[in-house]
Amino acid sequence: MAAVDGMPDRALVRRSDKHQVVVIGSGFGGLFGTKALRRSDVDVTMIAKTTHHLFQPLLYQVATGILSEGEIAPPTREVLANQKNAQVLLGEVTDIDLEKRLVTSHVLGRELVTPYDSLIVAAGAGQSYFGNDHFAEFAPGMKSIDDALELRGRIFGAFEMAELGASRGENVDHLLTFVVVGAGPTGVEMAGQIAELAHRTLTRDFRAISTRHARVILVDAAPQVLPPFGAKLGKWTQEKLEKIGVEVMLGALVSHVDERGLVVKYKDGTQQRVDAVTKVWAAGVQANPLGKLLSEQTGAPLDRAGRISVNPDLTLPGHPEVFVVGDMISLDNLPGVAQVAIQGAKYAAKEIDGRLKGHAPQKPFKYFDKGSMAIISRFRAVAMVGKLRLTGVIAWLMWLVVHLFYITGFKNRVTAVLHWFVSFIGTGRSERTSTEQQIFARVALQRLERGATDLVSEPGEYDEAAQARRRAELEAQAAEEARLSDENARGVKV
Ligand SMILES: Cc1cc2nc3c(=O)[nH]c(=O)nc-3n(C[C@H](O)[C@H](O)[C@H](O)COP(=O)(O)OP(=O)(O)OC[C@H]3O[C@@H](n4cnc5c(N)ncnc54)[C@H](O)[C@@H]3O)c2cc1C
């Protein structure tokens, strides 16, 4: 290891004299990019703000109690354990200095600056509330494990509160109404699963309420469901959703959200209020703010969703050593899907490796579309593969095989199959556990000025003397506990 001249004190020393690749993000782009460099003569440092890789397409199954969070979010460190040239560092990247080739990251007040020779930025996208960020308090999005667990708590919690209210003779319609905003694949899948939960899984579990009467409403401002799947598949999907009891409200723009419900506005100006305690926001994405940072330093324009324009080889103008991949990029109208991130990251890794070996540059990045699919309910899905349009059981089986293939890790595949068996063949849900903290922690953290950092001591604030006192207390307490047991003194009147 060698220290780097002219770097701030907090800079990480170079791991070796090898070419240093920094990868930002442990999602599809980050993980597949890092893996693609496993045979290259480089050191790879992956910096990500979570310790796991997240299989976002199955988040809705964690939210509705089918899968556990571990099955779709394996620890990145474990996934990369055998890749000796890869190091994983926890941290939220807050700055990228393209001039000095430095990445600054933070975790709970600890700062780290990491130098790079090549950089792959794969920080993905977040939820967009189209300028109404205050909706987030009452309508969580579906982007992270925290979101999915919070939604699980809210969904199952709503049934609990309804049972309680109904037992006291109260009207609980607002508790038994679930609204999903956004009729893209995520919204469709989420609405379908809540309907199955209410109308099939939970029917025997409550006494004061009938979960069969729960309303599940799918709302979208667009005139059809699943626009990217075309009009025909959209219509088919809507019919099947309605068949399993989902009410579909189209042309309905959400204009207000509060604790007890939301208001939608139609094109003709009419408004409608829906009383629903549980709202799920599955509409709109906004690229990671790191895109703006890169845009300011390179002049590369951002589109409306904050995605940065990249060169045809996925690099930034004037910075051939910096690649941006996945949901963050705006290139040739590529969709925000996992394959764009995976293929882009592999392309970037190959280019880095090729340059070190003196190979000629590759041809511009070309996306190979492997198709799209969305599940509606058990045994029903829609799929588009090339010109082929599939519906029903065949599409559902395809969905099953593809998702099994892409879930990371053998043990996760095995347990996911077991849990799918429980939910799809049986009527159960294996993961119904939820806690109060799951439901309220996000909002509580937001109310702290500096988020989670407010809850921990600053580095260096460790109080040696207090810790020594505490240790002495614990030792004395343990000695007394042991004495009481050894002398059979418990329960003896003092
Ligand atoms: C609910 C849902 C369902 C989806 N369903 C499908 C589907 O069925 N099929 C499909 O193809 N696609 C689907 N997608 C889209 C797909 O998941 C994304 O296109 C894909 O994840 C993009 O990969 P990425 O690497 O660009 O970003 P991500 O996979 O989102 O990874 C971003 C990574 O960057 C990290 N990160 C973010 N900011 C920072 C920072 N400042 N510092 C450090 N790390 C940071 C994140 O923690 C994460 O590890 C779905 C997405 C969602 C949300």
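The values are calculated or read from the model by the stated rules, or taken from the named source; none is laboratory data. Just so we're clear, the structure is a prediction, and the values are computed from it rather than from any experiment. Methodologically, a virtual Cβ is constructed for each residue, glycine included, from the backbone with ideal geometry; neighbour enumeration extends over all protein chains shown. These accessible areas exclude ligands, DNA and RNA; they are computed on the full protein's heavy atoms, side chains included. Shrake-Rupley method; radii C 1.70, N 1.55, O 1.52, S 1.80 Å.
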Q) Over segment 183-323, what is the relative contact order in whole percent, taking alpha-carbon pairs under 8 Å and six or more residues apart? A) 16
Q. Using alpha-carbon positions, what is the distance between the centroids of segment 457-494 and segment 148-197, in Å?
A. 46
Q. Which whole-number percent is the relative contact order of segment 66-184 (Cα, under 8 Å, 6+ apart)?
A. 11
Q: Could you list the residues of segment 23-48 with an amide nitrogen less than 17 Å from a label point located 7 Å from the Cα of residue 17 in the Cα-to-C-beta direction?
A: 41-43
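What is the chain's relative contact order, in percent, from Cα pairs under 8 angstrom and six or more apart in sequence? Intermediate results must be reported in sequence, preceding the final value.
Details: 922 pairs, mean separation 82.3, N = 494.
Relative CO of the chain lands at 17 percent.
How large is the convex hull of the C-alpha atoms of segment 214-261 per residue, in Å³? Can you show the working numbers first?
Working: hull volume 3.3 nm³, N = 48.
Hull volume normalised by residue count: 70 Å³.
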(Q) I need the calculated FRET efficiency for the pair residue 367 and residue 173, taking r as the beta carbon distance and R₀ as 45 Å, to the nearest 0.05. (A) 0.45
Q: Mark the label point 7 Å from the Cα of residue 454 along Cα→Cβ and return the residues of segment 140-178 whose backbone N is within less than 20 Å of it.
A: 147
Q) Rule-of-thumb check for segment 167-259: C-alpha Rg over 2.2 N^0.38 Å? A) 1.16
Q: Excluding residues on the same chain fewer than 8 positions from residue 243, give the aspartates and glutamates whose Cα lies under 13 Å from its Cα.
A: 196
Q) Amide H of residue 93: which non-local residues (sequence gap of 5 or more, or other chain) have their own amide H closer than 5 Å, using H built in the peptide plane? A) 106
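Suppose every K and R has +1 on its Cβ and every D and E has -1 on its Cβ; what is the size of the dipole of segment 207-285 about the Cα centre, in Debye to the nearest 20?
Numbers: 12 positive and 8 negative charges, 51 e Å.
Using only the charged Cβ atoms, the result is roughly 240 debye.
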Q: Using only Cα atoms, locate the centre of segment 394-439 and the centre of segment 324-343, then give the distance between them in Å, rounded to an integer.
A: 26
Q: Report, in cubic angstrom per residue, the convex hull volume of the C-alpha atoms of segment 1-153.
A: 131
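Once fully extended, how much extra length lies between residue 268 and residue 95, figured as 0.36 nm per residue of separation less the alpha-carbon to alpha-carbon distance? Please report the intermediate quantities before stating the final value.
Numbers: separation 173, 0.36 × 173 = 62.28 nm, distance 4.56 nm.
That works out to 57.7 nm of additional length.
Keeping the other protein chains in place, figure out the carbon and sulfur percent of the accessible area of segment 31-85, with a 1.4 Å probe.
Working: 970 of 2020 Å².
That fraction is 48 percent.
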Q: Can you tell me the dipole magnitude for segment 1-151 around its Cα centre, using point charges on the Cβ only (Lys, Arg +1; Asp, Glu -1), in Debye to the nearest 20?
A: 640
**Q.** Sulfur and carbon atoms: percent of accessible area, segment 413-494 [1.4 Å]
**A.** 55
Q) Given the C-alpha centroids of segment 224-253 and segment 83-107, what is the distance between them in whole angstrom? A) 42
Q: Would you calculate a helix-derived [θ] at 222 nm for the chain, using -39,500 (n - 2.57) for each DSSP H run of n ≥ 4 and dividing by the full residue count, to the nearest 500?
A: -10000 deg cm²/dmol
Q | Mean Cβ count within 10 Å, highest first, over the residues of peptides 285-291, 408-414 | A | 285-291, 408-414
Q | Solvent-accessible area per residue, Å², over the chain with all protein chains present [probe radius 1.4 Å] | A | 50
Q.
Tell me the carbon and sulfur percent of the accessible area for segment 252-392, rounded to whole percent, probe radius 1.4 Å.
A. 54
Q. Charges only on Cβ, +1 for Lys and Arg, -1 for Asp and Glu: so what's the dipole of the chain about the Cα centre, in debye to the nearest 20?
A. 2020
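Taking 1 over the mean of 1/r across every pair of different Cα atoms in segment 412-494, what Kirkwood radius in Å do you get? Before the final figure, lay out each step's value.
Details: mean 1/r = 0.0526 Å⁻¹.
Taking every pair of different Cα atoms in segment 412-494, averaging 1/r and inverting gives 19.0 Å.
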Q: Please quote Rg/Rh for the chain to two decimal places, taking the Kirkwood radius as Rh and restricting both calculations to Cα atoms.
A: 1.02
